[in-house]
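The values are calculated or read from the model by the stated rules, or taken from the named source; none is laboratory data. Model, not experiment: these values are computed from the prediction. All Cβ positions, even for glycine, are placed from backbone atoms using ideal geometry, and neighbour counts span all protein chains on display.
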Amino acid sequence: MNPSPTQSLPPAYFDALYRDDPDPWRFASSAYERAKYAHTLASLDRPRYGSALEVGCSIGVLTAQLAPRCDRLLAIDVAEAALGQARLACAGWPGVSVRRARVPQEWPDGRYDLILFSEVLYYLDRADLQRTAALACASLRPGGTVLLVHWTDPTDYPLGGDEAVALFARAAAGRLGLSLHEARTQYRLDRFRSVDR
């Protein structure tokens, strides 16, 4: 087994995955993903959001399910091949924008009622994750929600799921408060709300 990388995974890593397989994690066909997406949507604390940001949208399977709950939804990913599929998946939703961006380096402008990180924070190293948490806090509207959903089994990524969530929570302390934590066999879901100051 190769040692885990210590730096954030570069866009080329994801480009290579999608070049070899249009759905490398089986987002469109996996029972695990279906159950996790249903849990994710059921954990949202509002029936509808004015403006939402999905970081790491991949091929847009979850994006298309989230779209009916948002007036405007910006979905971003680093892999252009994945984004082509995401655009097709969300073509019927005029409020959805799909864009290539690398986090935290190309964090999008805007203010959001919901920011979703699903299976993405553990690809970042500690410094990039802390910067991402700060950017999320700065972009969140008062009363807004940040939802984290992450695999917790061992990985070959810079961080494990539990470690990534713990680092995010520490970086956001005083600005976000945990409002929900639920653990499943292979993943965890953590919902944060902005703290009124």
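Considering only region 65-78, state which residues are in contact with a Pro (Cβ under 9 Å, 6 or more places away or on another chain) and either β-branched (V, I, T) or buried (at least 16 other Cβ atoms within 10 Å of the Cβ) (or both).
Matches in region 65-78: L74, I76, V78.
Given the conditions (1) within 27 Å of L167 (Cα to Cα); (2) not in a strand (DSSP E or B), and given that R141 satisfies all but one, which numbered condition is not satisfied?
The number of the failed condition is (2).
Starting from residues that are out of contact with any Lys or Arg (no Cβ under 7 Å at 6 or more places or on another chain) and either under 20 Å from P104 (Cα atoms) or acidic (D, E) (or both), keep the ones in region 145-158 and report whichever is surrounded by the most Cβ atoms within 10 Å (Cβ to Cβ). Before the answer, list the steps.
Keep residues of region 145-158 that are out of contact with any Lys or Arg (no Cβ under 7 Å at 6 or more places or on another chain), which gives 146, 148, 151, 153-158.
Remaining after also requiring either under 20 Å from P104 (Cα atoms) or acidic (D, E) (or both): 146, 148, 153, 156-158.
Values: V146: 26, L148: 24, D153: 9, D156: 10, Y157: 20, P158: 21.
If we take residues in region 145-158 being out of contact with any Lys or Arg (no Cβ under 7 Å at 6 or more places or on another chain) and either under 20 Å from P104 (Cα atoms) or acidic (D, E) (or both), then V146 is surrounded by the most Cβ atoms within 10 Å (Cβ to Cβ).
I'm trying to understand the selection: among the residues of region 79-99, which are under 16 Å from the mean Cα position of the chain (by Cα) and either surrounded by 23 or more Cβ atoms within 10 Å (Cβ to Cβ) or closer than 18 Å to S51 by Cα (or both)?
A79, A82, A86, V96, S97, V98, R99, listed by residue number.
Consider region 41-61. How many of its residues are of a type in the set (D, E) and surrounded by fewer than 16 Cβ atoms within 10 Å (Cβ to Cβ)?
Looking only at that region, the number is 1.
Pick from A81, A89, A64: which is modelled with pLDDT under 95 and not acidic (D, E)?
A81
Conditions tested, residue by residue: (1) touching a Ser or Thr at 6+ places or on another chain (Cβ under 7 Å); (2) farther than 14 Å from Y112 by Cα.
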site: L140; (1), (2): yes, no
site: H150; (1), (2): no, yes
site: P158; (1), (2): yes, yes
site: D162; (1), (2): yes, yes
site: A166; (1), (2): no, yes
site: A169; (1), (2): no, yes
site: G177; (1), (2): no, yes
site: Q186; (1), (2): yes, yes
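Can you run down the residue pairs with Cβ atoms below 6 Å, 6 or more apart or on separate chains, where the first is in region 1-29 and under 12 Å from V78 (Cα atoms) and of a type outside the set (V, I, T) and the partner is modelled with pLDDT of 95 or more and not in a loop (DSSP other than H, G, I, E, B)?
L9/Y123; Y18/A82
Out of the residues in region 40-56 that are touching a helix residue (DSSP H, G or I) at 6+ places or on another chain (Cβ under 9 Å), assigned to a loop (DSSP other than H, G, I, E, B) and in contact (Cβ under 8 Å) with a residue 24 or more places away in the chain, which is farthest from S29 (Cα to Cα)?
Ranking the qualifying residues of region 40-56, first place goes to R46.
Among the candidates Y157, Y122, single out the residue that is touching a Leu at 6+ places or on another chain (Cβ under 8 Å), more than 18 Å from L74 (Cβ to Cβ), assigned to a loop (DSSP other than H, G, I, E, B) and not small (G, A, S).
Y157
Which residue pairs have Cβ atoms closer than 8 Å, lie 6 or more positions apart in sequence or on different chains, and pair a first residue in region 57-85 that is within 17 Å of Y112 (Cβ to Cβ) and part of a loop (DSSP other than H, G, I, E, B) with a second residue that is at pLDDT 95 or above and among the polar types (S, T, N, Q)?
Close Cβ pairs (under 8 Å, with a partner that is at pLDDT 95 or above and among the polar types (S, T, N, Q)) amount to C57/T63.
Suppose we filter L167, L147, L189 for residues that are more than 13 Å from A136 (Cβ to Cβ) and not small (G, A, S); which single one remains? Talk me through it step by step, then tell me what you get.
Numbers: L167 fails: more than 13 Å from A136 (Cβ to Cβ); L147 fails: more than 13 Å from A136 (Cβ to Cβ).
Exactly one of L167, L147, L189 is more than 13 Å from A136 (Cβ to Cβ) and not small (G, A, S), namely L189.
Taking region 3-32 as the search range and keeping residues that are of a type in the set (D, E) and in a loop (DSSP other than H, G, I, E, B), which one is nearest to Q85 (Cα to Cα)?
Ranking the candidates gives D23 first.
Condition test on D109, is it farther than 19 Å from R46 by Cα, out of contact with any helix residue (DSSP H, G or I) (no Cβ under 6 Å at 6 or more places or on another chain), touching a residue at least 40 places away in the same chain (Cβ under 8 Å) and not in a strand (DSSP E or B)?
Against the criterion (farther than 19 Å from R46 by Cα, out of contact with any helix residue (DSSP H, G or I) (no Cβ under 6 Å at 6 or more places or on another chain), touching a residue at least 40 places away in the same chain (Cβ under 8 Å) and not in a strand (DSSP E or B)), D109 does not qualify.
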